[in-house]
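*Asks:* Here's a structure for you.
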Amino acid sequence: MQVNKVVVILLAATVALAPWYLHAEELQPSSAVNASSTDGGVDGNEAGLYADGTRAISESRWSAAIDLFDRVAQMRGEHAEGAFYWKAYAENEAGQPANALSTCGELRRRYPQSHWLDECGALEIAIRGKSGAPAPPQAEADENLKLLALNLLMQKDREQAVAILAKILSGNQPEELKSRALFVLAQSRSPQAEALISQVAHGQSGAALQIKAIHMMAAAEGRNADDTLADIYQHSTDTQVKRAVLQSYRMTGDSTKLLAASRQETDPDLVRSAVRTLGAMGAVQDLLTLYRETNRRQTKADIINAFSASGGNGIAPLANIAQSDSDAELRRRAICSLGVAGGMSAAPALVSTYQSNADLETRRAAAQALFLANDAHDLVALARTEKNPRLKHYLVQQMSLMHNPEVTQYMQEILDK
């Protein structure tokens, strides 16, 4: 079968589109075909009937669709293969599953190479699965096609579809197939489907699927998934799984769970992951709380970087660290982050840091941060009043890399002395 096509159809199906829309491009006649339908010829008549069948399908007029697509199929023109499938589809929707199976059989006999056989095969699986009859051997052997059929069944009998997906997830099928089955399942939003995803997220189907289930659960359930995610984190020993939980809190928007995890975690890499996620969420207060509580220099350094990722909200805590932290290295890191992340809005804090610190390296860091913030005005002002020759030289050195009228004027003043 054409695997790529099935994958494309499956992905479209899993976002709960109506089955007829999966083939909208082929179902809807092109403008050229529509134009030919008015010329009265045989080809135009076929295209016109196919267009009428299209409208009947979209409006759920099943009897009219059956009649129109039957007429197109009997013409044996370019639309005949698609007409057989849509006739079978309409027959099944009209409560005539036996007729739908017969129509698919006729398509198979007349057009054994048709790409529409994939769709008819999926329809046959759904019909036979609902009735309890065995699926045809060629369909039973094709698990990708079975998943395509499950989308159809999900709309008709969700409970049965979930049960079949559960068997796929617990069986010996390839990992890729299980992953797609999990994706189909996530679209259901039924209590049975959510319970099954929770089981996978707890690791009952292996670590690879567990990580995917964790992300899907967070995306689908939001904060309702937080307690389950926290339980998974607490009981897991797999670093990748725990990191997936931390990242998922960004989707649920729960910074408190991230803060709790970072407080209890002993693995520095996982603490770093939690801190980065807090920064991406803009959870400045949680980061500040953790900064004050932790004694780990590396964690503090990671938090400073996370403040930078928090945008404007991170300027105040960075300025506080830059001016008051007892660790000179952390002060300089915060100063640099202010210049990079704060821009001109960080200029007052940087100037204050420069003027209030006696430490030479801290003042140099503040000067460099002003350069990074493109603040030529304050660099010139500081240089005019600086008495330390080494610092004055450093300020001028920073300005020499800037193209600014104030800098040019100041440089001219130096030359004129």
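The values are calculated or read from the model by the stated rules, or taken from the named source; none is laboratory data. None of these values were measured; they are calculated from a predicted model. As a convention, Cβ positions derive from the backbone with ideal geometry for all residues, glycine included, and neighbour counts pool all protein chains shown.
*Asks:* Sort through 205, 248 and tell me the only one that's outside any helix (DSSP H, G or I), surrounded by 19 or more Cβ atoms within 10 Å (Cβ to Cβ) and outside the structural domain of residue 341 (by TED's automatic domain parsing).
*Replies:* 205 is the lone residue from the list that is outside any helix (DSSP H, G or I), surrounded by 19 or more Cβ atoms within 10 Å (Cβ to Cβ) and outside the structural domain of residue 341 (by TED's automatic domain parsing).
*Asks:* For region 179-224, how many residues are touching a residue at least 12 places away in the same chain (Cβ under 8 Å) and either among the hydrophobic types (A, V, I, L, M, F, W, C) or closer than 13 Å to residue 168 by Cβ (or both)?
*Replies:* 25
*Asks:* Next question, about the same structure. Testing residue 266 on (1) under 20 Å from residue 316 (Cβ atoms); (2) not in a helix (DSSP H, G or I), one condition comes back false. Which one is that?
*Replies:* (1)
*Asks:* Please list, ordered by first then second residue, the pairs with beta carbon atoms under 6 Å, 6 or more apart or interchain, first in region 274-285 and under 15 Å from residue 317 (Cα atoms), second assigned to a loop (DSSP other than H, G, I, E, B) and of a type in the set (Ser, Thr, Tyr).
*Replies:* The qualifying pairs are 279/310; 282/310; 284/310.
*Asks:* Taking region 326-351, which residues are out of contact with any helix residue (DSSP H, G or I) (no Cβ under 7 Å at 6 or more places or on another chain) and among the hydroxyl-bearing types (Ser, Thr, Tyr)?
*Replies:* Answer for region 326-351, where residues must be out of contact with any helix residue (DSSP H, G or I) (no Cβ under 7 Å at 6 or more places or on another chain) and among the hydroxyl-bearing types (Ser, Thr, Tyr): just 326.
*Asks:* For the subset of region 313-339 comprising residues that are under 16 Å from residue 372 (Cα atoms) and not assigned by TED's automatic domain parsing to the domain that holds residue 363, which member is modelled with the highest pLDDT?
*Replies:* My answer is 318.
*Asks:* Of all residues in region 359-393, count the ones that are buried (at least 18 other Cβ atoms within 10 Å of the Cβ), part of a helix (DSSP H, G or I) and not hydrophobic (A, V, I, L, M, F, W, C).
*Replies:* So the answer is 5.
*Asks:* Here is a further query. Which ones in region 366-375 are over 17 Å from residue 317 (Cα atoms) and of a type outside the set (Phe, Trp, Tyr)?
*Replies:* Correct list: 367, 368, 370, 372, 373, 374, 375.
Residue by residue, here is whether (1) closer than 22 Å to residue 242 by Cα; (2) surrounded by fewer than 23 Cβ atoms within 10 Å (Cβ to Cβ); (3) among the charged types (D, E, K, R) holds:
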site	(1), (2), (3)
280	yes, yes, no
283	yes, no, no
297	no, yes, yes
302	yes, no, yes
307	no, no, no
311	no, yes, no
328	no, yes, no
334	no, no, no
338	no, no, no
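*Asks:* Are any residues in region 172-196 closer than 13 Å to residue 221 by Cβ, at pLDDT below 80 and in a helix (DSSP H, G or I), and if so, which ones?
*Replies:* Result: 186, single match.
*Asks:* Sticking with this one: With 316, 322, 261, 274 as the choices, which residue is surrounded by fewer than 18 Cβ atoms within 10 Å (Cβ to Cβ), part of a helix (DSSP H, G or I) and of a type in the set (A, V, I, L, M)?
*Replies:* So the residue among 316, 322, 261, 274 that is surrounded by fewer than 18 Cβ atoms within 10 Å (Cβ to Cβ), part of a helix (DSSP H, G or I) and of a type in the set (A, V, I, L, M) is 316.
*Asks:* Okay, next question. Is it the case that residue 279 is over 27 Å from residue 211 (Cβ atoms), of a type outside the set (Val, Ile, Thr) and part of a helix (DSSP H, G or I)?
*Replies:* Spelling it out, it is not the case that residue 279 is over 27 Å from residue 211 (Cβ atoms), of a type outside the set (Val, Ile, Thr) and part of a helix (DSSP H, G or I).
Let's see how each residue does on (1) farther than 29 Å from residue 306 by Cβ; (2) not basic (Lys, Arg):
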| residue | (1), (2) |
| --- | --- |
| 345 | no, yes |
| 372 | no, yes |
| 378 | no, yes |
| 387 | yes, no |
| 393 | yes, yes |
| 403 | yes, yes |
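*Asks:* Applying the selection to region 232-245, what residues are more than 10 Å from residue 201 (Cβ to Cβ) and in a helix (DSSP H, G or I)?
*Replies:* Result: 233, 234, 235, 239, 240, 242, 243.
*Asks:* Please specify each residue of region 164-186 satisfying the condition of being closer than 13 Å to residue 200 by Cα, under 20 Å from the mean Cα position of the chain (by Cα) and not charged (D, E, K, R).
*Replies:* 179, 181, 182, 183, 185, 186
*Asks:* Any residue at all in region 74-93 that's at pLDDT 90 or above, buried (at least 16 other Cβ atoms within 10 Å of the Cβ) and among the polar types (S, T, N, Q)?
*Replies:* Checking region 74-93: at least one residue is at pLDDT 90 or above, buried (at least 16 other Cβ atoms within 10 Å of the Cβ) and among the polar types (S, T, N, Q).
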